[in-house]
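The values are calculated or read from the model by the stated rules, or taken from the named source; none is laboratory data. Everything numeric in this text was worked out from a predicted model, so none of it was measured. Every residue, glycine as well, gets a Cβ built from its backbone with ideal geometry; the counts of neighbours run over all protein chains shown.
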Amino acid sequence: MNFKTIIAGLLLGTMFSCSATSQVNQKTTVKTPKPIQLFNGKDIKDWTPKIRLHEVGDNYANTFRVEDGLLKVRYDGYDDFNQQYGHLAFNKPYGYYVLRLEYRFVGEQSKGGEGWAWANSGAMLHGQDPKTMLKDQDFPISIEGQLLGGNGKDERTTSNLCTPGTNVVINDKLFTPHCLSSKSKTYHGDQWVTAEFVVLGDSLIQHVLDGQVVLEYNKPQIGGGSASPVDPKVKQDGKLLDKGYIYLQSESHPIDFRKVELYDLDSYKGDKQKLDQVVKSILSK
C-alpha cells in the first residue's frame, strides 16, 4: 500500500463533498503536531520496566540502559535468560497516535534464549498498565508490532503482528491465531530500521515501513492466550482496546533504539479529514 491507500483506510469509506479549492485551504490550516520524544536520549526516567520473575520497576541486571545516546537492551548481567522476558513501558498511555521507532539488532543472543527469539523484539501497543502485571507474567496484554532481523540469507519479515492476550479483526473476521506476518522485506544485519505504527484507538492499526502499509487490522480487543499468568480482573475478554501503554521488549537478543517518538493525534480523532491529512504529513517526513 502507498499513501493513497493509507488515506483510504483511514477515511473508512467517508465520501468527500468538498471542492478541490476548499480541500487545499483546509490542508493549509491543519497543523502537524510536533513529535513527542518518548526516549529523550539521556535516561529512562519516564519509563517503567517489568521483567518476568521480578517486581514491576525492577530493572533486573540493568537490562534497559542508556549509553552513547541510545536506549539499549542488554543481557551481560544474566547467567541464563531463563524466560525472563522484559518490557519497558512509557509512563503515559495513548490512544490515537503515530509511533516511530528506529532500531537495530546487534551482537549475540543471550545464553538460554529460545531459537524463535533470535533477533526478535517488539513494540507493544495498547498495553495494560505495568502495575497490573503479575510478577511471573510473561507478556503484557497488548498488541505487539513484532520486530525481527534477518540472518543474512533467509527471508524474515518484520513489523509483524503478535497478540499476547488479545485478538483483532481482519477483513471483518475475528483473527485469533497468535501471530501474522507482514508483507515487508527482510532487514539483514545490524542496519538501522525505521518502523511506524498508525494507531487510531479501537478502530484501525497500520504497520508502516518505507512509506508502505505492510499490515493493517481493526478492533483490537482483549481475548485469546499467549500471555500468562494474568489477573482475571484485567483480562476482560471481548473488551475493545482504545488506548494503553507503549512497551519496548527484551526477548534475549540485544537491540538498540535511537529514536522512539510519538505524534499525538487525539485532538484530531473527531475530524477524519484533518486526521487523514495529518497522518499523511507525518508519514511523509
Go through the residues of region 247-270 one by one and say whether even a single one is part of a loop (DSSP other than H, G, I, E, B), touching a Gly at 6+ places or on another chain (Cβ under 6 Å) and among the charged types (D, E, K, R). no
Selection count where residues are touching a strand residue (DSSP E or B) at 6+ places or on another chain (Cβ under 9 Å) and closer than 17 Å to Gly244 by Cα, scope region 132-145: 8
Near pairs, Cβ below 7 angstrom, 6+ apart or cross-chain, from region 99-119 (free of Cβ contacts under 8 Å to residues at least 60 places away in the same chain) to any residue that is buried (at least 18 other Cβ atoms within 10 Å of the Cβ) and assigned to a loop (DSSP other than H, G, I, E, B): Lys111/Phe81
If you check Met124, Met133, which single one turns out to be in contact with a Leu (Cβ under 9 Å, 6 or more places away or on another chain) and at negative phi? Met124
Which pairs turn up if I take residues in region 27-49 that are among the aliphatic types (A, V, I, L, M) and look for partners that are in a helix (DSSP H, G or I) and at pLDDT 95 or above with beta carbon separation below 7 Å, at least 6 apart in sequence or on another chain? Val30/Lys274; Val30/Gln277; Val30/Val278
If Arg104 passes every condition in (1) crowded, with 20+ Cβ neighbours inside 10 Å; (2) within 18 Å of the chain's Cα centre (by Cα) but one, which one does it miss? (1)
Taking the condition of being of a type in the set (Phe, Trp, Tyr) and surrounded by fewer than 20 Cβ atoms within 10 Å (Cβ to Cβ), how many residues in region 107-146 meet it? 2
Residue count, region 237-284, condition farther than 27 Å from Cys162 by Cβ and among the charged types (D, E, K, R), comes to 5
Do you know which residues across region 271-285 are touching a residue at least 40 places away in the same chain (Cβ under 8 Å) and part of a loop (DSSP other than H, G, I, E, B)? Ser284
Residues Gln212, Gln191, Gln236: which one is in contact (Cβ under 8 Å) with a residue 12 or more places away in the chain, out of contact with any Leu (no Cβ under 7 Å at 6 or more places or on another chain) and surrounded by 15 or more Cβ atoms within 10 Å (Cβ to Cβ)? Gln212
Answer yes if at least one residue in region 184-195 is farther than 24 Å from Gly244 by Cβ and β-branched (Val, Ile, Thr), and no otherwise. yes
